[in-house]
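One structure coming up, written as structure tokens, with questions to follow.
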Amino acid sequence: MKSPLLALSGAVPAEGADEGVAAHYGDIFREQRNLAQGSGFVDLSHRGVLTVTGDDRLSWLHLLLTQHVSALPSGQATEALVLSPNGHVEHALYLVDDGTTTWAHVEPGTQQALVAYLESMKFFYRVEVADATADFAVVHLPAGSTVSAEGAAAVRELTYGRDLFLPRAELAGLTSGYGPAAGVWAYEALRIEGHRPRLGFETDHRTIPHEVDWLATAVHLQKGCYRGQETVARVHNLGRPPRRLVFLHLDGTEEVLPPHGTEVRLASDPQGRALGFVTSSARHHELGPVALAVVKRNVPVDAVLLAGTVPGTQDVIVPQ
């Protein structure tokens, strides 16, 4: 869906997965600084929105998701995954329950497949699943924002801000009380700084949660059976993930950021075998060019890496 906020002065449309909202509004570093200081908002209205209602919603979701949600307190935000039978990540959900409805936002364009899967698993449970994307939109407020959430259908309170589920009809007039708009480029730069994985960026068809640090936020290791749990438990208890997510401080002398999928090699062996790939990259207002990458587990943590032709040093996210 094309956001009405693309009509704001200076708005430059995003492309690819974030098509439909603004990449930036003319000054990406100012927009990042505003967010870092608790000012402004980010239009995430291109993301899919799901609702689950019914008396059995939490106990039912608990059986399907990687997270412990059967007794999820009203208003408490959490993350969860849907895994394949082999433990590979298929969906990532960002959840909150308001006491009568469980709200979730997901990657743009993934909500239809997720709804279809959830519908196929209803059986005799008293639940109703709905794609609410046409009626509700996600807006992100940064940590420290004093903007009231009044009027939001639901709010996810996070350490790095708040996600508001707003009636989509209210998007057009949002700036009057929400402060300066920031584009998704600013939001992505801060996400990369925060080491937060994103489905379809930090993941591919064989990603398991351990590789991108989702065990810390989206997987409950003590809960009962769910699809893919055998892989999660086996790798956690008996093995090590074959790949690991790293944060890269990139050489600032290069003018071009390495895009998603750029192969990563050792700087000491630039013609050698690819050891991973860049998953996300951005220009950060303080750190300069940065990236996330998934590399083979045994890559030395102190090795300088080449993201394409751009050298970068590693910060460890997932230990060897």
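The values are calculated or read from the model by the stated rules, or taken from the named source; none is laboratory data. None of the values given here were measured: they were computed from a predicted structure. Because the Cβ atoms are built from the backbone with ideal geometry, glycine has one as well, and the counts that use them run over all protein chains shown. Protein only, heavy atoms only, side chains kept; ligands, DNA and RNA dropped before computing areas. Shrake-Rupley method; radii C 1.70, N 1.55, O 1.52, S 1.80 Å.
Identify the chymotrypsin sites (Phe, Trp or Tyr not before Pro) of the range 196-280 meeting these criteria: DSSP loop state and at most 16 other C-beta atoms within 10 Å of the C-beta.
none
Still on this structure, please answer the following. Once you charge only the Cβ atoms, +1 for Lys and Arg and -1 for Asp and Glu, what is the size of the charge dipole of the chain about its Cα centre, to the nearest 20 debye?
The dipole of the chain has a size of about 760 debye.
Please list, in order, the residues from the range 283-299 whose amide nitrogen is less than 18 Å from a point placed 7 Å along the Cα→Cβ vector of Arg33.
283-289
Test of understanding: express the Cα radius of gyration of the chain as a ratio to 2.2 N^0.38 Å, with N the residue count.
Normalised Cα radius of gyration, the chain: 1.01.
Still on this model: Could you work out the relative contact order of the range 154-282, using alpha carbon pairs under 8 angstrom and six or more residues apart, expressed as a whole percent?
21
Now for a separate question. Tell me, in nm to one decimal, what length is gained between Ser120 and Ser70 on full extension, where the rule is 0.36 nm per residue of separation less the Cα-Cα distance?
Full extension from Ser120 to Ser70 adds 16.0 nm.
In deg cm²/dmol, rounded to 500, what helix-only [θ] at 222 nm does the chain give when every DSSP H run of at least 4 residues adds -39500 (n - 2.57) and the total is split over its residues?
When only DSSP H runs of four or more count, the value is -4500 deg cm²/dmol.
What per residue convex hull volume, in Å³, comes out for the range 1-59 when only alpha-carbon positions are used?
Convex hull of Cα atoms, per residue: 133 Å³.
For the range 73-167, which chymotrypsin sites (Phe, Trp or Tyr not before Pro) pass both filters: DSSP loop (anything but H, G, I, E, B) and at most 10 other C-beta atoms within 10 Å?
Phe123, Phe124
Per 0.36 nm of contour for each residue apart, how much would the distance between Met1 and Asp135 grow if the chain were fully extended, relative to their Cα-Cα spacing?
47.1 nm
If you don't mind, another one. Which FRET efficiency value, to the nearest 0.05, do you get for Glu15 and Gln112 by plugging their Cβ-Cβ distance into 1/(1 + (r/R0)^6) with R0 = 22 Å?
Given R0 = 22 Å and the Cβ-Cβ separation, E is 0.55.
For the range 221-320, what relative contact order do you get, as a whole percent, if you take Cα pairs closer than 8 Å and at least 6 residues apart?
34
Let me ask something else. Whats the longest run of the chain with zero GluC sites (Glu not before Pro) that are DSSP loop and have at most 12 other Cβ atoms within 10 Å?
Longest gap between qualifying sites, sites excluded: 16-149.
Determine the gain in length on full extension of the stretch Ala267-Val301; use 0.36 nm per residue of separation and subtract their C-alpha separation, reporting nm with one decimal.
Extending this stretch completely gives an extra 10.9 nm.
Please list, ordered by chain and number, the residues whose modelled amide H lies under 5 Å from the amide H of His68; skip anything fewer than 5 residues away on the same chain.
His220
A further question on this structure: With a 1.4 Å probe and every protein chain kept in, tell me what percent of the accessible surface of the chain is carbon plus sulfur.
Accessible surface attributable to carbon and sulfur in the chain totals 52 percent.
Tabulate in residue order the Karplus-calculated ³J(HN,Hα) for the range 244-250, using 6.51 cos²θ - 1.76 cosθ + 1.60 with θ = phi - 60°, rounded to whole Hz; enter x for Gly and Pro.
8, 7, 10, 9, 10, 8, 8
Continuing with the same structure: List the relative contact order of the range 40-181 as a percent without decimals, with contacts defined as Cα pairs under 8 Å and 6+ residues apart.
About 31 percent, as a whole number.
Show me, for the range 260-276, the HN-Hα J-couplings you get by feeding each phi into the Karplus relation (A = 6.51, B = -1.76, C = 1.60, θ = phi - 60°), rounded to Hz, glycine and proline as x.
Those phi angles translate into 3, x, 4, 6, 10, 10, 6, 4, 6, 9, x, 9, x, 5, 5, 10, x Hz.
Let me ask something else. Starting from the Cα of Leu158, step 7 Å toward the Cβ, then list every residue of the range 41-56 with an amide N under 11 Å from that point.
42, 44
With springs only between Cα atoms under 10 Å, which of Asn237, Asn34, Asn298 fluctuates most in a Gaussian network model of the chain?
Per the Cα network of the chain with a 10 Å cutoff, Asn237 tops the list.
Taking amide H positions as placed in the peptide plane 1.01 Å from N, state which residues far from Ala137 in sequence (5 or more) or on other chains have amide H under 5 Å from it.
So Ala137 has HN proximity to Leu166, Arg168.
Quote the FRET efficiency, to the nearest 0.05, computed for Arg283 versus Ser59 with a Förster distance R0 of 51 Å and r equal to the Cβ-Cβ distance.
The formula returns an efficiency of 0.70 here.
Also, I was wondering about something else. Taking θ = phi - 60°, what integer Hz values does the Karplus form 6.51 cos²θ - 1.76 cosθ + 1.60 yield along the range 38-51, in sequence order, with x for Gly and Pro?
x, 10, x, 7, 10, 7, 10, 6, 7, 6, x, 10, 10, 10
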